[in-house]
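Participant: Shown below is the structure under consideration.
The values are calculated or read from the model by the stated rules, or taken from the named source; none is laboratory data. In this text, all values refer to a predicted model and were calculated from it rather than measured experimentally. Here Cβ is always computed from backbone atoms with ideal geometry, including for glycine, and neighbour counts include all displayed protein chains. Protein only, heavy atoms only, side chains kept; ligands, DNA and RNA dropped before computing areas. Shrake-Rupley method; radii C 1.70, N 1.55, O 1.52, S 1.80 Å.
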Amino acid sequence: MQLKYRIKKAIIQSVLQKRKHKQVFDSHYAELFQIPGNAGSDFNNSYYFSAHNLEGQSLFLRLGLRGDKQSEIWFVYRDENMFYSCPIELCNAKDSPLHVECVEVGKRWKLTFEGYMQSLNNKDDLHKAVFEGLFTATAPIFDFFYHANTEPMARAFAKEKWNKSFFEEVQKNNQTHYEQAGHISGRIIIGNIEKQIDLVAVRDHSFGKREWNYMNKHMWLMALNETGDALNLSMVSYPAIKGIQVGNYLREGKVLSVLNFTCADDLINNGQGADAFALEAVLENEEKLKITVHRDAEVVYSFANNQYILREGMGNFTINGVKARGIVEFGFNQDSNRWK
């Protein structure tokens, strides 16, 4: 069994390396991507921006443009005194209160919001809000296919049973997915309260087929420290491939892929996720990271008519003892049998 696994893993690594050499990541195409006119509701062009500091100030937003001319909306601001979220999760694209615009490919994005925000602590507390911000990159783009180490994906593929339907399913659910560390500056006004935004950040852009109900479950952790170093870990289970682990660690301007990580307990089999847990990650240079996570707030989103629930949490981290703050995200299919 081990021999068969090693052979399958070597085959996938070879295929992935050949694809990397054959196809170069085109940042202009990716940054300026537009949804094809004949795309359906299962096609998504998703922009995500997340900014935090150690004092507990957080701002994150997501604009998911769909092929059916609908937009999925997230917009959240939180600090020690305020916790507000846009109550609209889905709207016609032309009516979206949230907009993102590429100002300079791979370097700057303009972010704007003009609509209503509701307190997560008091549903009757609803205010008009305006946000103007600028994301400025502090590191190069990291694409999860072209720039990542092939080991984790090859390992996940090799564990599955190979047949024609397996490869067809993998191919049709393929996406472009990349991220970039940076900084968000600007201001947000909620009611008559104005707050300045001056935060380290990460942005994420993905496009392709996205059927929320196709996923079994997932976890995503993103942590930023005061200097802008960024840790990214994700674990995803699909019907075709159930054990995908990917991640990277940006430190002092250099990105290292995460080869694997282990958790003390099974965190994503309860529909909630955990508020406090520990992990150990191994980088491609064989360095180990000891990570602690403490979730202290969350916003819950639903997709595909409540068939997939996503819990977007915020929390504190330590990475080998260094403090950081960021996102603690869990997602669950409504069918709990698919979590196993």
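Participant: Using θ = phi - 60° and the Karplus relation 6.51 cos²θ - 1.76 cosθ + 1.60, list the HN-Hα couplings for segment 236-247 in order, rounded to whole Hz, with x at every Gly or Pro.
Facilitator: Rounded to whole hertz, the list is 10, 10, 10, x, 7, 10, 9, x, 7, 10, 9, x.
Participant: Please identify, among T318, T150, T227, the residue showing maximal mean-square fluctuation in a Gaussian network model of the chain using a 10 angstrom Cα cutoff.
Facilitator: T227
Participant: Something else now. Between helix 2-22 and the chain, what is the angle of the helix's C-alpha long axis to the longest principal axis, kept within 0 to 90° and rounded to the nearest 10?
Facilitator: Roughly 60 degrees, rounded to the nearest 10.
Participant: Right, something else. Hey, can you rank 286-293, 329-336 by average C-beta count inside 10 Å, highest first?
Facilitator: Packing order, densest peptide first, comes out as 329-336, 286-293.
Participant: Explain nothing, just compute: Karplus ³J(HN,Hα) = 6.51 cos²θ - 1.76 cosθ + 1.60, θ = phi - 60°, for every residue of segment 106-121 in order, whole Hz, x for Gly and Pro.
Facilitator: Using θ = phi - 60°, the values come out as x, 9, 9, 9, 8, 10, 9, 9, 9, x, 10, 10, 10, 5, 6, 9 Hz.
Participant: Can I ask one more? For segment 172-195 and segment 12-62, what is the separation of their C-alpha centers, rounded to whole Å?
Facilitator: Between the Cα centre of segment 172-195 and that of segment 12-62, the gap is 14 Å.
Participant: Please work out which option in [x] 66, 50, 41; [y] 86, 50, 43; [z] 57, 43, 30 gives Cα extents along the principal axes in Å calculated from these coordinates, and answer with its label.
Facilitator: Working out Cα extents along the principal axes in Å from the coordinates points to [x].
Participant: Identify which of Y29, Y77, Y48 has the largest mean-square fluctuation in a Gaussian network model of the chain, with springs joining Cα atoms closer than 10 Å.
Facilitator: Of Y29, Y77, Y48, the most mobile in the Gaussian network model is Y29.
Participant: So, one more: Please name whichever of N260, N316, I291 sits farthest to the positive end of the charge dipole of segment 245-340, dipole taken about the Cα centre and charges placed at Cβ: Lys and Arg +1, Asp and Glu -1.
Facilitator: Comparing the listed Cα positions along the dipole, N316 ranks first.
Participant: Residue farthest toward the positive end of the dipole of the chain, with Cβ of Lys/Arg at +1 and Asp/Glu at -1: which of V15, N225, S237?
Facilitator: V15
Participant: Treat every Asp and Glu Cβ in the chain as -1 and every Lys and Arg Cβ as +1, leave all other atoms uncharged, and give the resulting dipole magnitude about the Cα centre to the nearest 20 debye.
Facilitator: So the magnitude is around 1520 debye.
Participant: Most mobile of G106, G37, G56 per a Gaussian network model of the chain (Cα springs, under 10 Å)?
Facilitator: G37
Participant: Hey, got the dipole for segment 101-240? About the Cα centre, +1 on K and R Cβ, -1 on D and E Cβ, debye to the nearest 20?
Facilitator: It works out to roughly 460 debye.
Participant: Charges on Cβ only, +1 for Lys and Arg, -1 for Asp and Glu, centred on the Cα centroid of segment 86-186; of G186, S165, N122, which one is farthest towards the dipole's positive end?
Facilitator: Selected residue: S165.
Participant: Send over a whole-number figure in Å² for the accessible area per residue of segment 129-199, probe 1.4 Å. Could the numbers behind the result be given before it?
Facilitator: Details: 3500 Å² over 71 residues.
That works out to 49 Å² per residue.
Participant: Summing -39500 (n - 2.57) over the DSSP H runs of n ≥ 4 in the chain and dividing by its residue number, what mean residue ellipticity at 222 nm do you reach, to the nearest 500 deg cm²/dmol?
Facilitator: It comes out at -4000 deg cm²/dmol, rounded to the nearest 500.
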